[in-house]
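Peer 1: Quick one: the structure is below, questions incoming.
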Amino acid sequence: MKIKSFIGGVGGQTLSDDEREFLAREKPYGVILFARNVGNPTQLKALTDDIKACLNHPYASVLVDQEGGRVARLRPPHWRQYPTAAALASNPNAARAIYVNARLIAEELRVGGITTDCAPVADILAPECHAIIGDRAFGDTAEMVSKLARAQADGLLAGGILPVLKHIPGHGRATQDSHEHLPVVSATLKELEESDFLPFKALADLPLAMTAHIKYTAIDDLRCATESIPTINYIRHEIGFDGLLMSDDLSMKALGGSFAQRTERALAAGCDLVLHGNGALVGEPLRNLAAELQEVAAASGYLNEDGLARAARAAAMLPKAAPADDTALLAEWQGFLAAA
């Protein structure tokens, strides 16, 4: 089976003829959606069906960032407004609140044809943490984050959606936004192992994870995690994550060089997949998505035997969505919101 080792974005709410031809020819692992791709439930389902038909392989995936709060691509009036991780974590019964919240998110995503949610965020909120994480974090201790991120992952899986653990091995100490700069974390390995890395170790059985574009000088003082052989070896062998490992978006300014170089470096370091969504920030114009994706596709190659095995294990972790009483779940969720 030949599946290209990248995930790409598309430009609008329907596929162009060129995008259909590209996806059918290149056969990437999947496509990631942004707000620009989401209009209403009918349009979304038609788009995701079209994407899967073009990909036409057993692991064809449609991903989205639907954490809640400010990181949500599906929004009112057609979808619910979900609270932030921090707001849910403040609930006296936080684990249950987060599970129910994730279960409802999963139902909306599944109905829309989305297969994978880029959540949970397992970063620990450090005092110096940049606002790009902020209220996306579940807490400031490894114990709290491990427990609550697990609840979110369990809710997504129960609803038939694959979770993506992020940002491995930990974004919480970064003082800069990797969309704009390359953050450098200079904490000792002992400090990282006693805090930041613990939630990722506790959740290492999850099917997918996303790297952090952050340089951890205690492991590699030359390259960020996404492009670092020592750091990815550490993720695999010390943290123990053996699922599909994808890069954060190659479009982010933490990385340098051409898109071909970014792709080659990430895959050579040990990522199974590279992600190129060209997720323009609010108010920023979309760059030349098609040309950048062509460059990524040409440099990416195919998932190797290990990558295909990880893709198969991920798919096997996804049981048919468990029956749920949506009315009861919604009433429980509304009770949690009222308490918050």
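The values are calculated or read from the model by the stated rules, or taken from the named source; none is laboratory data. These numbers were taken from a predicted model, which means no experiment stands behind them. Backbone-built Cβ (ideal geometry, glycine too); neighbour counts: all protein chains shown.
Peer 1: Can you find even one residue in segment 237-248 that is over 19 Å from Ile7 (Cβ atoms), touching a Gly at 6+ places or on another chain (Cβ under 6 Å) and at pLDDT 95 or above?
Peer 2: No: segment 237-248 contains no residue that is over 19 Å from Ile7 (Cβ atoms), touching a Gly at 6+ places or on another chain (Cβ under 6 Å) and at pLDDT 95 or above.
Peer 1: Which of the residues that make up segment 302-340 are at pLDDT below 90 and aromatic (Phe, Trp, Tyr)?
Peer 2: Phe336
Peer 1: Looking at segment 201-212, which of its residues are in a loop (DSSP other than H, G, I, E, B) and surrounded by fewer than 20 Cβ atoms within 10 Å (Cβ to Cβ)? Before the answer, list the steps.
Peer 2: So the first thing to find is which residues in segment 201-212 are in a loop (DSSP other than H, G, I, E, B), and the list is 203-207, 212.
Result: Ala204, Asp205.
Peer 1: Ok, one more. Looking only at segment 236-255, count how many residues are under 25 Å from Gly30 (Cα atoms) and out of contact with any strand residue (DSSP E or B) (no Cβ under 6 Å at 6 or more places or on another chain).
Peer 2: 8
Peer 1: What residue, among those in segment 73-93 that are closer than 10 Å to Phe336 by Cβ and in contact with a helix residue (DSSP H, G or I) (Cβ under 6 Å, 6 or more places away or on another chain), is surrounded by the most Cβ atoms within 10 Å (Cβ to Cβ)?
Peer 2: Checking each candidate, the answer is Leu88.
Peer 1: Quick check on Ala158: is it small (Gly, Ala, Ser), crowded, with 24+ Cβ neighbours inside 10 Å and either in contact with a Cys (Cβ under 8 Å, 6 or more places away or on another chain) or within 25 Å of Val62 (Cα to Cα) (or both)?
Peer 2: no
Peer 1: Another question about this same structure. Hey, can you tell me all the residues within segment 107-120 that are assigned to a helix (DSSP H, G or I) and among the acidic types (Asp, Glu)?
Peer 2: If the condition is that a residue be assigned to a helix (DSSP H, G or I) and among the acidic types (Asp, Glu), then Glu107, Glu108 are the ones that fit.
Peer 1: Taking segment 51-60 as the search range and keeping residues that are touching a residue at least 40 places away in the same chain (Cβ under 8 Å) and not in a loop (DSSP other than H, G, I, E, B), which one is surrounded by the fewest Cβ atoms within 10 Å (Cβ to Cβ)?
Peer 2: The residue in question is Lys52.
Peer 1: Just give me the residues in segment 71-88 being of a type outside the set (Phe, Trp, Tyr) and over 14 Å from Met144 (Cα atoms), in sequence order.
Peer 2: Val71, Ala72, Arg73, Leu74, Arg75, Pro76, Pro77, His78, Arg80, Gln81, Pro83, Thr84
Peer 1: Across segment 213-242, what is the total count of residues that are crowded, with 21+ Cβ neighbours inside 10 Å, in contact (Cβ under 8 Å) with a residue 60 or more places away in the chain and in a loop (DSSP other than H, G, I, E, B)?
Peer 2: Residues flagged as crowded, with 21+ Cβ neighbours inside 10 Å, in contact (Cβ under 8 Å) with a residue 60 or more places away in the chain and in a loop (DSSP other than H, G, I, E, B) within segment 213-242 amount to 1.
Peer 1: Would you check which residues across segment 263-293 are in a helix (DSSP H, G or I), within 23 Å of Arg25 (Cα to Cα) and either at pLDDT 95 or above or of a type in the set (A, V, I, L, M) (or both) and list them?
Peer 2: Within segment 263-293, Thr263, Glu264, Ala266, Leu267, Leu289, Ala290, Ala291, Leu293 qualify.
Peer 1: Among the residues of segment 104-133, write down those that are within 25 Å of Ser178 (Cα to Cα) and within 17 Å of the chain's Cα centre (by Cα).
Peer 2: Selection gives Thr116, Asp117, Cys118, Ala119, Pro120, Val121, Ala122, Asp123, Ile124, Ile132, Ile133.
Peer 1: Take Asp196 and tell me if it is crowded, with 18+ Cβ neighbours inside 10 Å, without any contact (Cβ under 8 Å) to a residue 24 or more places away in the chain, on the phi < 0 side of the Ramachandran plot and in a loop (DSSP other than H, G, I, E, B).
Peer 2: no
Peer 1: Right, here's the next one. Which of (1) surrounded by fewer than 24 Cβ atoms within 10 Å (Cβ to Cβ); (2) small (Gly, Ala, Ser); (3) part of a strand (DSSP E or B) does Ser247 not meet, given it meets every other one?
Peer 2: Single failed check for Ser247: (1).
Peer 1: Another question about this same structure. Scan segment 89-103 and tell me whether some residue there is closer than 16 Å to Ala151 by Cα, of a type outside the set (Lys, Arg), at pLDDT 95 or above and within 17 Å of the chain's Cα centre (by Cα).
Peer 2: Yes - at least one qualifying residue is present in segment 89-103.
Peer 1: Test of understanding: among Leu63, Leu104, Leu74, which residue is assigned to a helix (DSSP H, G or I) and within 25 Å of Thr42 (Cα to Cα)?
Peer 2: Checking each option against the conditions leaves just Leu104.
Peer 1: Just checking, how many residues over segment 20-47 are free of Cβ contacts under 8 Å to residues at least 60 places away in the same chain and not β-branched (Val, Ile, Thr)?
Peer 2: Result for segment 20-47: 12.
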